[in-house]
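Right, one structure below, let's go through it.
The values are calculated or read from the model by the stated rules, or taken from the named source; none is laboratory data. The structure presented is a predicted model; accordingly, all values stated were derived computationally and were not measured. As a convention, Cβ positions derive from the backbone with ideal geometry for all residues, glycine included, and neighbour counts pool all protein chains shown.
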Amino acid sequence: MKLQRPKLRNVFSLTLAVFTAWMLFDSLSLSRVAAMLPQVIIAATLLLIGVQWVLDLGKRRGIVSGTEQSPPDQQAPQLRFLLSLLWIALLSCCTWLLGLVFGPALFSFVFLRGFASESWLLSIAYSVILALVISFIFVFLLNTSPYEGVLPGMML
Amino acid sequence: MDSEVLTAAYEGFGLVFSWPYILYPIAGTLLAMLFSAAPGLNSSSLMALAIPLTYAWEPLPVMLIFGAFLGGATFMGSITAILFNIPGKASNAVTLLDGYPMTQMGRAKTAIGSAAAASALGSTVGILILIALIPFMRVAAIALGPAEYLMLAIWGLTTLAALSGNSLVKGLVAAGIGLQLAFIGYDPRTAELRFTAGMDYLSDGLSLVPVLLGLFALAEVIDLMVSGRSTLSGRQHQSELSGDVREGIGAVFKNFFLFIRSSAIGTVIGAIPGIGGSVAGFIAYGHASQSARDNSEFGKGDIRGVIAPEAANDAKDGGALIPTLALGIPGGSGTALFLGAMMLHGLTPGREMLTDNLTLVFALLWSLFLSNWITSLLGLTLVNPMARISTIRTGRLLPAILVMAAIGAVQYRGLISDLFCAVVFGVIGYLMKRYDWPRIPLVIAFALAPLLEINLHLTLRLQELDRIDFFSRPVVLLLLALTIINLILPAFLGRLRAIRRLKK
């Protein structure tokens, strides 16, 4: 497991490098004027990512003298990270489908019951109050319609 | 300062503090506070709503209430930034960098106390500078051209060296990524589409609000869920929240010269049209970090990281009115809406505004001054109820924070895609935090990139046409000197520290 953590760190650095390389590749199709500043910045960033990669490698192998070894990474709570992403994805889906009034309310109810293990009463009350507050702000106070979601439109 | 200006300042003061006109700044401030505390809302939406409602009013009440709208919103956004890591406005984003770690350390009250004091005093400094500058406003605003804007952007970027934490290379990479992200969308000169990967959403470029919400608010939510902390502060009871409002206020006076410098930075940046308030806070933060003898605690809960951006953010409101009133060029969205309201009431910015309507200008300034003080004082009284929120169980607080972030992202431009964008940046922000990649340089570079690119093109073109001589412009040379100082200072201070250590 100890060997796996630096790999994850490298995956993130690699992702940055791939993104930057893609930007550089994409900039080749641009005119000289449009590509001028981006290419300079992208090339410099790519170079610096490489330098950081070497520094990270050096630190791990203890090659770079005079530098402190980076503290050992804490054990990654991978499952909780994935779960948090799922919860945020659920909020996004609820908002996308049901809009800004009902989507967050439904999400709050599911979150309070599923993640926080709150009581039925609190979960329902929290969600209803949330929907009312959002409605009050947008519909009555601002007299504008908040994002309504794609589901009501599909049903009509 | 000529007597005409002083007379107008006195008359304007008398108008604001007379009955019933005093009600306008008070009501305006309360409305601005309410709007800036509500998710997805800000003073700009309030001003947009108020323009048709105030159409039939006399110019004086309009100036008073809009002055209050301009000044009343900033500090409430700082409270949410400090307590929940959610900036009320983009300009409050920098406050969370040290404000939120202070909350996590149980020093929420101290952070809010110093933010309130820096905010109120910063606005006062900004307004005083504005009053002093009124006679020179027209001349000074005309003197700034693309070359000066370009140097200003470069100067801002050089502050990144001090904000890179333990690794300068990582900080520079983050800044590079921030610049790259800002290049997405139409090229400002040729209108070519760049780096959109065929996605229509990216044609207009990435918006700062979802990027910030993702990098900071959602990233912290993920971190909170992964960490498994039971409350936001890690403490169970309000009584355990240490921190003292008076200590926070005192810290502003202890760091008085930093406060003055930050206020001056805020006023100057605010006076430059089109840059926006967020840059003022970031540059002041960068300056605070760079000028500090020991900047190792910046980003981890250093009170100077709260004082500097707060002073700059509120001082910039005064500065932002300089180009608006003198040239009719708004400094940001708030002043743009204010300009619209002025026009509707037959008030034309420019020389006429600064001569025939000078009393109205001062009424506006005093209203701005009053609203900043009301906001800070009221905000301080709300510290306890708001600080208590940080001891609420995470499970109960997280849905509210997530929903606030979602509403903020979607309602900003009315695009659901902004929410998806915020989620992507939430993951990036969390990974950056986890693997010690600094997020601040990314955000600063992202905010400064348009200023850099547009003015680079303009300056090069003007240079080609022999319309300007870059190195003969005094403001350019001044900014160039500041840039060189920014680049040399960290190395110099580092060497100085090393020598001191050796001597010890």
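Miscellaneous remarks
- Residue within region A:52-60 that is under 24 Å from residue B:150 (Cβ atoms) and at pLDDT 85 or above present: no
- Considered as a group, the residues in region B:389-431 that are of a type in the set (Lys, Arg) and either at the interface with another protein chain (Cβ under 7 Å from one of its Cβ atoms) or outside any helix (DSSP H, G or I) (or both) include one that is nearest to residue A:112 (Cα to Cα), and that residue is B:396.
- Looking only at region A:90-149, residues that are hydrophobic (A, V, I, L, M, F, W, C) and under 14 Å from residue B:406 (Cα atoms) come to 16 in all.
- Hits in region A:14-34 - residues which are part of a helix (DSSP H, G or I) and at the interface with chain B (Cβ under 8 Å from one of its Cβ atoms): A:16, A:19, A:20, A:23, A:26, A:27, A:33, A:34
- Residue match in region B:441-451 (condition: more than 8 Å from chain A (Cβ to nearest Cβ), of a type in the set (Phe, Trp, Tyr), crowded, with 19+ Cβ neighbours inside 10 Å and closer than 24 Å to residue B:157 by Cβ): yes
- Which numbered condition residue A:122 fails, given (1) more than 9 Å from every other protein chain (Cβ to nearest Cβ); (2) surrounded by fewer than 19 Cβ atoms within 10 Å (Cβ to Cβ); (3) at pLDDT 90 or above: (1)
- Residue satisfying all of: in region B:188-203; in contact (Cβ under 8 Å) with a residue 12 or more places away in the chain and over 27 Å from residue B:85 (Cα atoms); nearest to the chain's Cα centre (by Cα) among these: B:188
- Top-ranked residue of region B:63-113 - restricted to ones that are of a type in the set (Lys, Arg) and either modelled with pLDDT of 85 or more or assigned to a loop (DSSP other than H, G, I, E, B) (or both), ranked as nearest to residue B:399 (Cα to Cα): B:89
- Looking across B:482, B:458, B:477, B:465, one residue alone is within 14 Å of chain A (Cβ to nearest Cβ) and either crowded, with 18+ Cβ neighbours inside 10 Å or at pLDDT 80 or above (or both). It is B:458.
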